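The values are calculated or read from the model by the stated rules, or taken from the named source; none is laboratory data. Here the structure is a predicted model, which is why all the values come from computation and not from measurement. Note: ideal-geometry Cβ built from the backbone for every residue, glycine included; neighbour counts use all protein chains shown. Keep in mind that these areas ignore ligands, DNA and RNA; they rest on the heavy atoms of the full protein, side chains included. Shrake-Rupley method; radii C 1.70, N 1.55, O 1.52, S 1.80 Å.
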Amino acid sequence: MKIRFADARPAGDYALVLPAAGPNRPGIQSLGGGAAAAEAALRRSRFEGDSGSIVETFVDSDNGRRLLLIGTGADAKPGDAAEKLGGNAVARLLTSGEGHAVIDLTGMGYDADAAARVALGAALRSWRYDRYRTRLKDKQKPTLTSITVVGGGDGAQKRYEDRYAAVVEGVSLTRELVTEPANIIYPETFVERVKDSIQGSGLEMRVLGRDEMTKLGMGALLGVAQGSVREPKMLILKWSGGKAGEAPVAFIGKGVTFDTGGISIKPALGMESMKWDMGGAGAVVGAMKALALRKAKANVVGVCGLVENMPDGNAQRPGDVVTTMSGQTVEVINTDAEGRLVLGDVMTWAQKNFQPKVMIDLATLTGAMVVTFGHEYAGVFSNDDKLAANLLKAAGESGDKLWRQPLAEAYDRLIDSPIADMKNVGPREAGSITAAQFLQRFVDDGVAWAHLDIAGMAWSDKASATYDKGATGYGVRLLDQYIADTVEA
């Protein structure tokens, strides 16, 4: 999607989008002779300017101009309303036959940042992945290729280019990786796709394979991978935009490119969705790309454990005991609780090699989190109140919503094992919490750590203002905003 900014509406053919914040409809009078017809359309549609409400009509022009009046809500925050405005406009017009849309903000009082976020919402909502859809009818194909935002004031274009264009690129990478099927994206090709995507970004990239991880003693990660013909990989991305020698923030991503459950195999119904069990790793690489493209003034590393969990004759069995890179031993009770095994080794490696003061892991870790929150929030667990508060603040600003969950010794005792240092699952109750307690056992003293269980957020079966059904790109904006609010601030 090509994004432009202008002080006035351009000449030529386009669809016109006018926002309405409740009863405030400043753009109507600019329609001249078409204002009365537009007002009549609003009355007959019972349009009150509620957020997301849309009235579509045509007004007199040389060709009969399509007009969308989109409600933004009378009490909505300007930034949130702006994103929804841009996204709702694109959702309505993407396959409409229109090629160009003008969103006129004149009279709305939007500052440069809000105007830029109109463009952000539009760009995010325009993302589609039609690579394998070879028989689309013409009416199903996107036609909208450009958006012009009018009336955003001085600095809107610069704000978009400096702050948000890179975020769009990062989210797009994450959505692409999450969307691709598991016969296309597996550990090796995940690495290749990321390498191609970050060319010229300034990110440093390193990859470890099975042999290197074996020498490091990463028995937990390798145990998950041993049932698959796909070689596991560990992907490391490094961005050094901050002060020389300053400890980086570490992002850790679970990258199970397909999860059958292993020997503890999942039911067949819905198993195809487990292609997105690498959503945490997808979010990490998307965030790293966004930070690099916008030249963030921060030192950040992203480390992703990439495996496929399959049930062949060499797969690990329930009851096996594995030794992690940290030296701790784990009794594997359930091979479908594999993400925490991967993360534990990756967290240990990241701490030994980068000595981060802050470490944040993202994982589509537990079905219990979906039971708790549905698809509205991800859970955040943390050993540090300040870190948790900063992440919740970033969640509110970015739209990637979080809700804090507890950690406590009573939960930790539930994963004690009679044969090893710990077991990889506890009882049925408190499943998301015991998973987080497992991960906490791999956090070094003095490291502020947070675990984000994004199981309900990486994929959506319904569209929103900023994404269609499918991969959401959850986590990219959250991590990017966290760095902006803390390290860069």
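Against the test of being modelled with pLDDT of 95 or more, open to solvent by less than 40 Å² (accessible area, probe 1.4 Å), part of a loop (DSSP other than H, G, I, E, B) and farther than 20 Å from Trp449 by Cα, the options Ala296, Ala290, Ala244 yield a single qualifying residue, Ala296. Taking region 408-429 as the range and being surrounded by 18 or more Cβ atoms within 10 Å (Cβ to Cβ) and either touching a strand residue (DSSP E or B) at 6+ places or on another chain (Cβ under 8 Å) or touching a residue at least 40 places away in the same chain (Cβ under 8 Å) (or both) as the test, the residues that pass are Ile415, Met422, Lys423, Asn424, Val425. Does Lys386 satisfy the condition of being open to solvent by 20 Å² or more (accessible area, probe 1.4 Å) and either under 30 Å from Lys462 (Cα atoms) or within 18 Å of the chain's Cα centre (by Cα) (or both)? The answer is no for Lys386.
I'd like to check which strands (runs of 3 or more DSSP E) are fully inside region 1-116 and have at least 1 residues that are aliphatic (A, V, I, L, M) and more than 18 Å from Tyr160 (Cα to Cα). Before you say what the answer is, go through the steps one by one.
On the way: elements: 2-6, 15-20, 54-59, 65-71, 100-104.
Filter on region 1-116 gives 15-20, 54-59, 65-71.
Among the conditions (1) under 22 Å from the mean Cα position of the chain (by Cα); (2) surrounded by fewer than 24 Cβ atoms within 10 Å (Cβ to Cβ); (3) closer than 22 Å to Glu176 by Cβ, the only one that Arg230 does not satisfy is (1).
Is it true that Gly279 is touching a residue at least 24 places away in the same chain (Cβ under 8 Å) and either touching a helix residue (DSSP H, G or I) at 6+ places or on another chain (Cβ under 7 Å) or surrounded by fewer than 16 Cβ atoms within 10 Å (Cβ to Cβ) (or both)? I'd like the intermediate steps shown before the answer.
Values: touching a residue at least 24 places away in the same chain (Cβ under 8 Å): yes; either touching a helix residue (DSSP H, G or I) at 6+ places or on another chain (Cβ under 7 Å) or surrounded by fewer than 16 Cβ atoms within 10 Å (Cβ to Cβ) (or both): yes.
Yes, satisfied.
Beta carbons closer than 6 Å, at least 6 apart along the sequence or on distinct chains, pair a first residue in region 117-140 that is touching a residue at least 24 places away in the same chain (Cβ under 8 Å) and surrounded by 10 or more Cβ atoms within 10 Å (Cβ to Cβ) with a second that is of a type in the set (A, V, I, L, M, F, W, C) and assigned to a helix (DSSP H, G or I) for Arg117/Ala82; Val118/Ala82; Val118/Leu85; Ala122/Val90; Ala123/Val168; Arg125/Val90; Arg125/Ala91; Ser126/Val90.
Restricting attention to region 82-98, and to residues there that are farther than 11 Å from Val17 by Cα and within 20 Å of the chain's Cα centre (by Cα), which single residue is surrounded by the fewest Cβ atoms within 10 Å (Cβ to Cβ)?
In the first step, residues of region 82-98 are kept if they are farther than 11 Å from Val17 by Cα; the result is 82-84, 87, 91, 94-98.
Narrowing the set further to residues that are within 20 Å of the chain's Cα centre (by Cα) leaves 82-84, 87, 91.
Working: Ala82: 30, Glu83: 25, Lys84: 27, Gly87: 27, Ala91: 22.
Across region 82-98, the extreme among qualifying residues is Ala91.
The residues of region 432-448 that are assigned to a helix (DSSP H, G or I) and surrounded by fewer than 19 Cβ atoms within 10 Å (Cβ to Cβ) amount to a single one, Gln440. If you go through region 141-166 and pick out every residue that is closer than 14 Å to Ala82 by Cβ and open to solvent by less than 40 Å² (accessible area, probe 1.4 Å), you end up with 9.
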